[in-house]
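A short worksheet on the structure shown next.
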Amino acid sequence: MASKGAVSAVPMRILKINVCPSLSGRSELTYHLGCNVEGDIHFRLAHNSGTGQFNSDPISLSLIEKALSEYPASKPMSSAVLRPLFRGKSSNSPAFLFAALKAEGMLMPGAGKDSGYLLGDVEAFKLAMSGLIASDATLESGPAPVVADATKDRRRLRSKETA
């Protein structure tokens, strides 16, 4: 089942590769910012240093903005506002995308601890991205870094020791 925001068949020129902490702070996320041939901006989750799975389809900024705008601007929100963009996909994807939006300044923490997030400076983000689009910059994403699974390694060592 394809997600509403997915555009995986559309070639994307990668303009920026960034790393940010997950909302929980337990892992680091790598994400790509890119554009299609029409210049539409897309976010794509690329890597998680932890074990949580995610959907790596590009999600258009216009769909993200629509989802965010459907929530009252004065009321703090959570990553649940992005769930419709990942219907039928990994449950981690909305929170991981939310973390990337926070890293880009599109969301800012609410006043108190665990009070949710408010809309940040979306226009400043768009302005910065328009500069990258105009520059004809293209980055190579390369393969995602491999993170060793210490649990599997310990099991493998134990089985060799007992053999």
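The values are calculated or read from the model by the stated rules, or taken from the named source; none is laboratory data. Just so we're clear, the structure is a prediction, and the values are computed from it rather than from any experiment. Every residue, glycine as well, gets a Cβ built from its backbone with ideal geometry; the counts of neighbours run over all protein chains shown.
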Item to complete: Filter the stretch 96-110 for residues that are of a type in the set (A, V, I, L, M, F, W, C) and surrounded by fewer than 20 Cβ atoms within 10 Å (Cβ to Cβ) and give the result.
Response: 103, 108
Discussion item. Take the residues in the stretch 142-163 that are small (Gly, Ala, Ser) and either touching a Ser or Thr at 6+ places or on another chain (Cβ under 9 Å) or over 24 Å from residue 28 (Cα atoms) (or both); name whichever of them is modelled with the highest pLDDT.
Written reply: 163
Worksheet item: Any residue in the stretch 75-87 that is loosely packed, with under 15 Cβ neighbours inside 10 Å, in a loop (DSSP other than H, G, I, E, B) and at pLDDT below 90?
Response: yes
Practice prompt. Sort out which residues of the stretch 88-128 are in a loop (DSSP other than H, G, I, E, B) and in contact (Cβ under 8 Å) with a residue 12 or more places away in the chain, and write them in order of number.
Written response: 88, 89, 90, 92, 104, 105, 106, 110, 115, 116, 120, 121
Discussion item. So for the stretch 35-49 (the condition being at pLDDT 95 or above, more than 19 Å from residue 11 (Cα to Cα), assigned to a loop (DSSP other than H, G, I, E, B) and out of contact with any Lys or Arg (no Cβ under 6 Å at 6 or more places or on another chain)), does at least one residue qualify?
Written reply: yes
